[in-house]
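Shown next, in structure tokens, is the structure this report addresses.
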């Protein structure tokens, strides 16, 4: 059965306000606590900005964010880059982020879940994918990895963040969720069964150059800084 990522996240937005009446923007309820990263939104944003954005994004660059959610990390990226391309499978998420960020220096691209159509080749300096691959199945992650290099130019820098079920917190999350996703039925917002070893194999096979692997900053997960291969 097909995983309905799009429908799941559109539904999430429809129910979001009633479930999180204290929040202003969708996604701000994700503060990294369950991943062992932070205990408040401010601390989580500071971690993301200081550890994964400020060292890698330059003012003249165009950044592509795949899976923008409600725009939390997009708002941080926009502080550093020149142009931001926000791409998501959920039209509702795109609309939520547009309401948050507006259109100045930002472009919004609706994805189909299989391709990165709508993004021209060779226009992106950095590909940023944070708090998104944690919900994407390994084969779908691999599929995206095959398509990202043609979009990139210059240093071709990428940041990829995914769950790691081999970590202590990742294994706890797996045990919480496994019996809710059986016989091929899997909710689009569920966490994927992904590991750092699988991602390492994906990146190696596709000729990405790994610059850094971080399993400390977000203890449940794994974050990679890498360089995409040159595409002629």
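The values are calculated or read from the model by the stated rules, or taken from the named source; none is laboratory data. This structure is a prediction, so every number in the text was calculated from the model and none was measured. All Cβ positions, glycine included, derive from the backbone under ideal geometry; neighbour counts span all protein chains shown.
Given the condition touching a residue at least 24 places away in the same chain (Cβ under 8 Å), surrounded by fewer than 21 Cβ atoms within 10 Å (Cβ to Cβ), under 29 Å from residue 46 (Cα atoms) and more than 16 Å from the chain's Cα centre (by Cα), answer yes or no: does some residue in the stretch 175-196 qualify? There is no residue in the stretch 175-196 that is touching a residue at least 24 places away in the same chain (Cβ under 8 Å), surrounded by fewer than 21 Cβ atoms within 10 Å (Cβ to Cβ), under 29 Å from residue 46 (Cα atoms) and more than 16 Å from the chain's Cα centre (by Cα). The residue that is farthest from residue 157 (Cα to Cα), among those in the stretch 34-53 that are part of a loop (DSSP other than H, G, I, E, B) and under 17 Å from the mean Cα position of the chain (by Cα), is 34. Only a single item in (1) at pLDDT below 95; (2) assigned to a helix (DSSP H, G or I); (3) over 17 Å from the mean Cα position of the chain (by Cα) is not met by residue 12, and it is number (3). Applying the condition of being without any contact (Cβ under 8 Å) to a residue 40 or more places away in the chain and in a helix (DSSP H, G or I) to the stretch 57-84 and asking which residue is surrounded by the most Cβ atoms within 10 Å (Cβ to Cβ) yields 74. If the condition is being under 13 Å from residue 142 (Cα atoms), under 18 Å from the mean Cα position of the chain (by Cα) and free of Cβ contacts under 8 Å to residues at least 40 places away in the same chain, then the stretch 197-232 contributes only 200. If you go through the stretch 203-232 and pick out every residue that is surrounded by fewer than 17 Cβ atoms within 10 Å (Cβ to Cβ) and in a helix (DSSP H, G or I), you end up with 2. Screening residue 165 against (1) surrounded by fewer than 20 Cβ atoms within 10 Å (Cβ to Cβ); (2) without any contact (Cβ under 8 Å) to a residue 60 or more places away in the chain leaves a single unmet condition, (1). Take the conditions (1) out of contact with any helix residue (DSSP H, G or I) (no Cβ under 9 Å at 6 or more places or on another chain); (2) buried (at least 22 other Cβ atoms within 10 Å of the Cβ); residue 150 misses just one of them, which is (2).
Of the residues making up the stretch 150-172, those that are in a helix (DSSP H, G or I) and either touching a strand residue (DSSP E or B) at 6+ places or on another chain (Cβ under 7 Å) or modelled with pLDDT under 95 (or both) are 151, 170. Of all the criteria given as (1) outside any loop (DSSP other than H, G, I, E, B); (2) touching a strand residue (DSSP E or B) at 6+ places or on another chain (Cβ under 6 Å); (3) under 24 Å from residue 13 (Cβ atoms), the one not satisfied by residue 118 is (1).
Every listed requirement among (1) over 19 Å from residue 209 (Cα atoms); (2) not in a loop (DSSP other than H, G, I, E, B) is met by residue 141 save one, (1). Regarding residue 15, is this residue in contact with a strand residue (DSSP E or B) (Cβ under 7 Å, 6 or more places away or on another chain) and farther than 18 Å from residue 130 by Cα? The answer is no for residue 15.
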